[in-house]
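What follows is a short report on a single structure.
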Amino acid sequence: MSLLMKPLPCLLLPIIFILFSSTLHSTSHGAPSADLHSQTNHIPGAVDESENGLVGWGVRRSVLENSPLAAQRTTRKDPLNNFKYYTGGWNISNKHYFASVGFTGITFFLIAAIWFVGFGLCLLLLCCCFCCCHREPYGYSRAAYALSLILLLLFTVAAVIGCIVLYTGQGQFHTTTSDTLDYVVSQANTTVANLENVSDYLAAAKSIGIDQVSLPAGIQNNIDNVDNKISSAATTLQSETKKNKKDIEDVLDTVILALIIIAAVMLLLALLGFLFSILGLQFLVYVLVIIGWILIAGTFILAGVFLVVHNMVGDTCVAMDQWVRNPTAHTALDDILPCVDNATAQATLSQSQEVTYQLVVIVNGVIANVSNVNLPPSAPQPPYFHQYFTRIVDHSISSKLVGDSQSRFSFLLQVWQNYVCQVSKNNTCTTVGRLTPAMYSQMINAANVSYGLYQYGPFLVGLLDCSFVRETFTGITKEHCPDLKRYSMWVYIGLAMVSAAVMLSLIFWSITSHDQRERNFDRISNSLLGCQLMNGRMPPGTPLGQGVLSSIW
């Protein structure tokens, strides 16, 4: 007994709306819902102007007050404002913030200035005394020599430890900073790739046609406009992020190279100073004293600079954490990783919903009005299907729509495949079926584009509240900030240790080298005196010092 072929189930529309309802329930067909608009109200004092698709964005929840970020931590004296307390919060584009955080390194800067000027005046005074005043040679104390040697050894060891801390700290700081920058760029690239994929799906939707039915011309024009916005936003986001990374890496590489050179030179200076002093090579010690005088001042300045960097890292981490907890529309954090323009995100989301809906309407219209039409046997049969097939009821198909969205979607495609007939050379069905392979391929393409846009639905919703930036900053504060703060502290502590240890060593270089020279002088004197007494060359009653000096000179 032959029965009419079963109708092709119109199940693309239900499945797509089931999927969309789980993630896009806050929006309606064609445009964001009023609820979503209410979530993106204008924030007083926020910047709304769009430039290259990257501006301050409308927050998803209402923000009652656009308060400064890290306001409590950044309350410091501002030398540019008569040393009044700075209250503008973290803002790397504000000169008063830089002045206030730069003032935290004033201790090291003052030590560097006092050392450079004070020790320079001492050197000048000693040179004048040496050139203008004649002094008789004097002996040395064994206890004083031993004490100065022990202290010099301790300060040299401290300088070596400081160099190790400095070298290790700068290496770890460089690695951590590079990892953080790579993470930021990776997050931005992921967002750009998703935007480009959405753009590709929208562009593919323009070329889809099933049985000569395609998207309306107005929808296709809207797709072109949205593609332009997506392209501008993606390009600007990627270029700005890479530019920020390059600028930071250029400065960081220069600073790290300077720190490596400083660590190596200060270590060499400490070891050579110790060696020359115990050998009593006073001329070489004096040369190292002049070199060390300048290097110590510079190292103290670097210690102050890295103390400032350490405080800025801490400020930035606190600002990111506060922004994640209570996001505001436009902050200086946009200079690190900007959000996508809210208007662009809304237009992209709205257009993706519109395209998905229209594709569903086209596919279901073809199924209902073409493939599922049951013509009487006496009527001419369309060339693209034979209608005789075993009928099954639609609820038997619906009952099998279980599992995740991917499983349900794959099951529907398999169901459609059961209705595909074999065709002749002129594209006429030669076996039982309601779909030609060409129509099936077109429906599959439409379904894939619809499902692809669905897959990026949560991503597009996330663009509205800039969730990808929140995720990035959350990752930085949890995974990278502790190491950045730790190793930046290591650097300035290492610089301070090296500076102080070499400064104190420098003082004892002169003392130890002088005592060593006097010790060698006495040893030679005693040897010469013994020789003269044995040979009887020294007249009786000649003072010891006079006899020794006359014998030497």
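Figures for the structure shown
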{"quantity": "Ranked order, Glu479, Glu249 - accessible area, probe 1.4 Å, largest first", "calculated": "Glu479, Glu249"}
{"quantity": "Accessible area in the full protein assembly, largest first, 1.4 Å probe, for Leu126, Leu152", "calculated": "Leu126, Leu152"}
{"quantity": "Rounded accessible area of Asp224 (nearest 10 Å², 1.4 Å probe)", "calculated": "60"}
{"quantity": "Probe 1.4 Å - accessible area at Val313, Å² to nearest ten", "calculated": "30"}
{"quantity": "By average C-beta atoms within 10 angstrom, highest first, the peptides 109-121, 496-508, 231-243", "calculated": "496-508, 231-243, 109-121"}
{"quantity": "Order of exposure, largest accessible area first, which applies to Tyr286, Tyr419, Tyr456 with probe 1.4 Å", "calculated": "Tyr286, Tyr456, Tyr419"}
{"quantity": "With all protein chains modelled, accessible area of Ile493 [1.4 Å, Å²]", "calculated": "60"}
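The values are calculated or read from the model by the stated rules, or taken from the named source; none is laboratory data. Quantities reported herein were computed from a predicted structural model and do not represent experimental measurements. Positions of Cβ are backbone-derived with ideal geometry, glycine not excepted, and every protein chain shown enters the neighbour counts. These accessible areas exclude ligands, DNA and RNA; they are computed on the full protein's heavy atoms, side chains included. Shrake-Rupley method; radii C 1.70, N 1.55, O 1.52, S 1.80 Å.
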